[in-house]
Amino acid sequence: MIRTRFAPSPTGFLHIGGARTGLFSWAYARHNSGQFILRIEDTDIERSTKESVDSIIDAMDWLGLNYDEGPYFQTKRMERYKEVIATMVAKDLAYPCYCSKEDLDTMREEQMAKGQKPKYDKRCLHNKVVKPNVTPVIRFKNPESGSVVWDDLVKGRIEINNTELDDLIIARSDGTPTYNFCVVVDDLDMQISHVIRGDDHVNNTPRQINILSALGATIPLYAHTPMILREDGHKMSKRTDAVSVMQYRDMGILPEALLNYLARLCWGHGDDEVFSLEQFINWFSLDNISGSPARFDIKKLLWVNAQHIKNYPNAKLVDLVIDVWTRNNDTVLKDVENNQYLKLADVIDFIKPRVDNINTLAYQCSYIYKPLIVTNEDIENHQTPRVHELLSKFGTGLSQLPEWSLEAIKAYIKEFCAIESIKMPELGMPLRLKLCGTTQTPSFDNIVYLLGQAEVTKRLNS
């Protein structure tokens, strides 16, 4: 059975690069009727926090990347790691190293002076002298000849000569296991068949393969995906870029839209730009992942988000809009609850084709229920005596319309402008201001129709 895993480190939030890795691992398992495991790699105890763990799990839940097992925590598996290390030492697969920091610094300086690549020279492997009062680290006995070869499912064949690798420390002097070793034991115990991760892990792979081979394990298949860069081609920065998954939620991005957009970074299915998660699972293949880095384009993300908003069920959008109002302590919710004539789902259905994020949707819905406070500048520009006269006449005619339909309203507006010898914006701008408190609204004939005859008359007379 295919078993993939997503293994974030809880030293911060879940960033979009990690989210894409999780998405690819999740989709590969789902496409192949396999299992997807969530593993929290929290061996960096000083930097790992509960807040980070919670934020990662919240982000996974928000994205809808459901996992079949986990979350597993490495800090709860310490006895297992120590057990394997002890077995490896007993089988001469690993050995204690008593070298001090000063010893290692001197060794590296001598190697560099000779023009050699600095690496551990196995002195404690060949010299079995035990130093009293010194607690050793444990090093893996890396093969001294041959190569590590694997057919990367994204990058193709990769070969690393074992002479390029030193004897990796797998346990520190305090007994705690190191990252690369914990990953190996986890992948072995959890029977991971495919490791899909960022290409910043390529250098770890030959070391992990060698340890797995020493343990007699079946080697997983590896797929190293390219980085996500900024639009200018530079690495994304936590200081200048929105890299946290939950930042995009706060920007009003739908989880389906974010996953859709992330899926298209280094992967593609023909010319398809907008698709559902179900379609993505059905189409997904590691063969279609590009080996080149992708550039993150916020404008394209917003365009994808707009397409998903248009197709999103109004009932779900109601909940999201209310959530935005609640988070912003917006009092408009009371007006919504008190308005029986104007259903929020109907308002959303009218506005959603014109927005590219949920925050804008919530904002534009709010002034339909609760007109904004008009600025002095708007009053000076649009509230002249002539405007008052026009709006009064227009309101009187609207209140007498025998049929309240969009077609009837459009016909009346056209007729009114012709009779008064005015252009459409001369009526539309002040009318928007009067009805909604802003001149920046969707088409005013739709606004009039949406508000209803009684409410339009009430607002024009206020």
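The values are calculated or read from the model by the stated rules, or taken from the named source; none is laboratory data. Quick caveat: nothing in here was measured; it's all calculated off a predicted structure. All Cβ positions, even for glycine, are placed from backbone atoms using ideal geometry, and neighbour counts span all protein chains on display.
If a residue counts only when it is more than 30 Å from Gly252 (Cα to Cα) and free of Cβ contacts under 8 Å to residues at least 40 places away in the same chain, which helices (runs of 4 or more DSSP H) contained entirely in segment 352-462 have at least 1 such residues?
Here the list reads 376-382, 385-399, 406-420, 424-436, 453-461.
From the residues in segment 178-208 that are assigned to a strand (DSSP E or B) and of a type outside the set (Lys, Arg), which one is farthest from Arg5 (Cα to Cα)?
Gly198
If Leu65 satisfies every condition in (1) in a loop (DSSP other than H, G, I, E, B); (2) surrounded by fewer than 19 Cβ atoms within 10 Å (Cβ to Cβ); (3) touching a strand residue (DSSP E or B) at 6+ places or on another chain (Cβ under 8 Å); (4) hydrophobic (A, V, I, L, M, F, W, C) but one, which is the exception?
The single condition Leu65 does not satisfy is (2).
Any idea which of (1) touching a residue at least 12 places away in the same chain (Cβ under 8 Å); (2) surrounded by 15 or more Cβ atoms within 10 Å (Cβ to Cβ); (3) not acidic (Asp, Glu) is the one Leu333 doesn't satisfy?
Of everything listed in (1) touching a residue at least 12 places away in the same chain (Cβ under 8 Å); (2) surrounded by 15 or more Cβ atoms within 10 Å (Cβ to Cβ); (3) not acidic (Asp, Glu), Leu333 misses just condition (1).
Among the residues of segment 30-62 satisfying the criterion of being at pLDDT 95 or above, aliphatic (A, V, I, L, M) and touching a helix residue (DSSP H, G or I) at 6+ places or on another chain (Cβ under 8 Å), which is farthest from Ala19 (Cα to Cα)?
The extreme case among them is Ile40.
Considering each residue of segment 425-458, count those that are surrounded by fewer than 15 Cβ atoms within 10 Å (Cβ to Cβ) and closer than 16 Å to Val387 by Cβ, and give that number.
Looking only at that region, the number is 1.
Could you pull out every one of the helices (runs of 4 or more DSSP H) wholly within segment 230-284 that has 2 or more residues that are modelled with pLDDT of 95 or more, outside the structural domain of Asn357 (by TED's automatic domain parsing) and over 20 Å from Lys310 (Cα atoms)?
277-283
Taking the residues in segment 125-154 that are assigned to a strand (DSSP E or B) and under 18 Å from Asp167 (Cβ atoms) as candidates, determine which candidate is nearest to the chain's Cα centre (by Cα).
It comes out as Val148.
Among the residues of segment 287-322, what is the count of those that are under 17 Å from Ile351 (Cβ atoms) and either assigned to a helix (DSSP H, G or I) or touching a residue at least 40 places away in the same chain (Cβ under 8 Å) (or both)?
Going through segment 287-322, the residues under 17 Å from Ile351 (Cβ atoms) turn out to be 302, 305-322.
From the residues that got through so far, the ones that are either assigned to a helix (DSSP H, G or I) or touching a residue at least 40 places away in the same chain (Cβ under 8 Å) (or both) too are 302, 305-312, 314-322.
Residues in segment 287-322 being under 17 Å from Ile351 (Cβ atoms) and either assigned to a helix (DSSP H, G or I) or touching a residue at least 40 places away in the same chain (Cβ under 8 Å) (or both): 18 in total.
Could you identify the single residue in Thr87, Thr75, Thr106 that is of a type outside the set (Lys, Arg), in a helix (DSSP H, G or I) and not assigned by TED's automatic domain parsing to the domain that holds Cys124? Step through it out loud before you land on a result.
Details: Thr87 fails: not assigned by TED's automatic domain parsing to the domain that holds Cys124; Thr106 fails: not assigned by TED's automatic domain parsing to the domain that holds Cys124.
After applying the criteria, what remains is Thr75.
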